[in-house]
1. Which condition number in (1) under 29 Å from residue 352 (Cβ atoms); (2) modelled with pLDDT under 95 is the one that residue 295 fails?
2. Under 6 Å between Cβ atoms, which residue pairs at least 6 apart in sequence (or on different chains) link something in the stretch 386-399 that is in contact (Cβ under 8 Å) with a residue 60 or more places away in the chain and farther than 15 Å from residue 569 by Cα with a partner that is of a type in the set (Phe, Trp, Tyr) and in a strand (DSSP E or B)?
3. Answer with yes or no whether residue 81 is at pLDDT 95 or above, within 30 Å of residue 493 (Cα to Cα) and surrounded by 14 or more Cβ atoms within 10 Å (Cβ to Cβ).
4. Report whether or not residue 165 is basic (Lys, Arg), in contact with an Asp or Glu (Cβ under 9 Å, 6 or more places away or on another chain) and modelled with pLDDT of 95 or more.
5. Can you give me the number of residues within the stretch 622-631 that are within 30 Å of the chain's Cα centre (by Cα) and either part of a loop (DSSP other than H, G, I, E, B) or modelled with pLDDT of 90 or more (or both)?
6. Which condition does residue 75 not pass, out of (1) part of a loop (DSSP other than H, G, I, E, B); (2) crowded, with 18+ Cβ neighbours inside 10 Å, if it passes all the others?
Amino acid sequence: MYDFRMSTPVVESVLTEQRSFPPAPAFAATARVRPDDLAVLHAEAAADPQAFWAGLARAEIAWRKPFTEVLDESRAPNYRWFADGELNVSWNCLDVHLADRGDKTAIVFEGEPGDVRTLSYRELHAEVCRFANALKARGVERGDRVVIYMPMVPEAVVAMQACARIGAIHSVVFGGFSAISLKERIEDAGARCLVTADGGRRGGQVIELKAAADKALAEGCASIDTVFVLRRTGEPVNMRQDRDVWWHDAVAVQGAHCDPEWVDAEHPLFLLYTSGSTGRPKGIQHSSAGYLLGAKLSSRWVFDLRDDDVFFCTADVGWVTGHSYVAYGPLAAGATIVMYEGAPTYPDGGRFWQLCVRHGVTIFYTAPTAIRALMKLGEEIPARYDLSKLRLLGSVGEPINPEAWMWYHRVIGRERCPIVDTWWQTETGAIMISPLPGVTATKPGSCTRPLPGIFADIVDDEGHSVNTPDAGGYLVIRKPWPSMLRTIWGDNARYLSTYWDKFRHRYYVAGDSAHRDQDGYFWIMGRIDDVLNVAGHRLGTMEIESALVAHPRIAEAAVVGRQHEIKGESVFAYVVCRGARPVGEEAAALTKELRDWVTEQLGAIAKPEDIRYADNLPKTRSGKIMRRLLRAVARGEPITQDISTLENPAIIDQLRG
Ligand code: WTA
């Protein structure tokens, strides 16, 4: 049982937040979805959810073979949507636009050094076909897994779309993850092909991806027979003759035509590994048709996309946001997207705004952690840029605190642009709860209401709807939706236990706590499992703990989250050493070593901000670590729970440091 009174909402002032911002009349007047449209959509979805989704699926997807069955519940909660239909996702993102939008810019890319490249839909289509042919030439077939470990360059999207074109299943691994994390993901997926680059650029540094890939492959990954290597930085790399192929060599000999592989609606489009509450990351498996429908529709509804928009989603393709709102949704909707390779603060905190001006960005979507980091640098920086083309702003990945929301609204949106605070997850595939910019009055810190067809609710421990304003509960989804995850790759039992068992398979349990206010607006309070949200990225406490105890000096470790001004949450580790507890200089040296160690094991995003040494960890009688106590200590909060059972009460002082 989870005690919702004890959860510390990241949005602290929710109960006092009274501000409300109706859509600007100028925006509302031309919005794609207007109040009457939304009312109709909600009414249709409520009356017959399956007919609602079927109608949209027929209208939005170009089917090779139309489906006759909408939702197959026979193996619930392994739901299947549109299962006897056939399609190709890449066809739906590219070929469908060639007649009307062939010369329209699909991707505007800017590298960190400032190099710019644009690809029209026709050019993108040709690149995708060439690379798809290159994959086939190396024997990659329908259903094979391809791991993509790339910088944020157009070829990352080309590789994803090429997999979709031939029915291969991609698994993108974020370029900031370590060789060890890459190896684990390759092995779990049993991938036969890896697509990487010599490196990428971030924050003025070169990230050596091929070197990390070599390390991963040297330690296992027996299933890999081909590695494609894109030249991006030009730094020297090792190429293994029989296995490694330069991207440019591979595509040079291929034609710009590749017939799509028609697949079933339920054919897996991709896996994306995400952290859970146990040590091993889980491969979230998405479908083809349902996922495409969710990504495309939400792109249109929430971002109000029209033909002259330039959409800049700052997420890396290594995260789900970079899948749904870079690689798939906006392309399916025929939009122009901006891709940026590097860090938001390189060479200075004006980089995002410079990109917006240079490329005429009209819609900008980023994470609260970036907003807070840029806010800290002062409003003089954005004031130097003419941001008058921006018309809509978005936020994703973690709760946005009202202060950051107001700054975004005032300093970036110049009090003119609506803000869509979009709640969703890797598992949901697409945005679930969000304002519609031409309709919904927004409140700073609330993701407002579920989209049409999404039956989100907040329930108590018995599964009863919690309707008392401001009372917390589990965020659940009551009915299946097309873009939902289908399973966890290779572990359906974990799929059931993580998302469904809690309420006997009746609803999807998101793992977040939330409450509703008197207007029915949702306020997300944070995770209820052992998952941290650091700078918008999910990290499992167990994963970091396993990494720490893999160090020879460490006997035991417990990781909790602590509020962080910019990252939202930071990693706080309590560590018990083998032998004597280090103090003074020895402790400082070990702290540095452990931080580097975790970076090496998992990646820099998991690096503990704080490490505290103790002789032992506080445990309950049954031997469970008292995490709530550790959390309270890390956050400097008073300890409210019973500590009389502690073996060594003096430990509290040590934990306090
Ligand atoms: C959190 C990212 C509050 C939440 C798309 C969720 C949010 C987890 C929001 C999923 C939001 C995401 N407001 N919290 N607008 N968006 N979250 O899988 O805890 O990387 O469960 O997907 O991020 O993170 P994931």
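The values are calculated or read from the model by the stated rules, or taken from the named source; none is laboratory data. Quick caveat: nothing in here was measured; it's all calculated off a predicted structure. Every residue, glycine as well, gets a Cβ built from its backbone with ideal geometry; the counts of neighbours run over all protein chains shown.
1. Every listed condition holds for residue 295 apart from (2).
2. Listed pairs, sorted by first residue: 394/365.
3. Spelling it out, residue 81 is indeed at pLDDT 95 or above, within 30 Å of residue 493 (Cα to Cα) and surrounded by 14 or more Cβ atoms within 10 Å (Cβ to Cβ).
4. Against the criterion (basic (Lys, Arg), in contact with an Asp or Glu (Cβ under 9 Å, 6 or more places away or on another chain) and modelled with pLDDT of 95 or more), residue 165 qualifies.
5. Counting residues in the stretch 622-631 that are within 30 Å of the chain's Cα centre (by Cα) and either part of a loop (DSSP other than H, G, I, E, B) or modelled with pLDDT of 90 or more (or both) gives 3.
6. Unmet for residue 75, out of (1) part of a loop (DSSP other than H, G, I, E, B); (2) crowded, with 18+ Cβ neighbours inside 10 Å: (2).
Residue-by-condition table, conditions (1) in contact with a strand residue (DSSP E or B) (Cβ under 8 Å, 6 or more places away or on another chain); (2) buried (at least 23 other Cβ atoms within 10 Å of the Cβ):
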| position | (1), (2) |
| --- | --- |
| 146 | yes, yes |
| 150 | yes, yes |
| 172 | yes, yes |
| 199 | yes, yes |
| 207 | yes, no |
| 214 | no, no |
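Yes/no per residue for (1) surrounded by fewer than 23 Cβ atoms within 10 Å (Cβ to Cβ); (2) among the charged types (D, E, K, R); (3) within 16 Å of the ligand (Cβ to nearest atom):
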site	(1), (2), (3)
537	no, no, yes
541	no, no, yes
549	yes, no, no
556	yes, yes, no
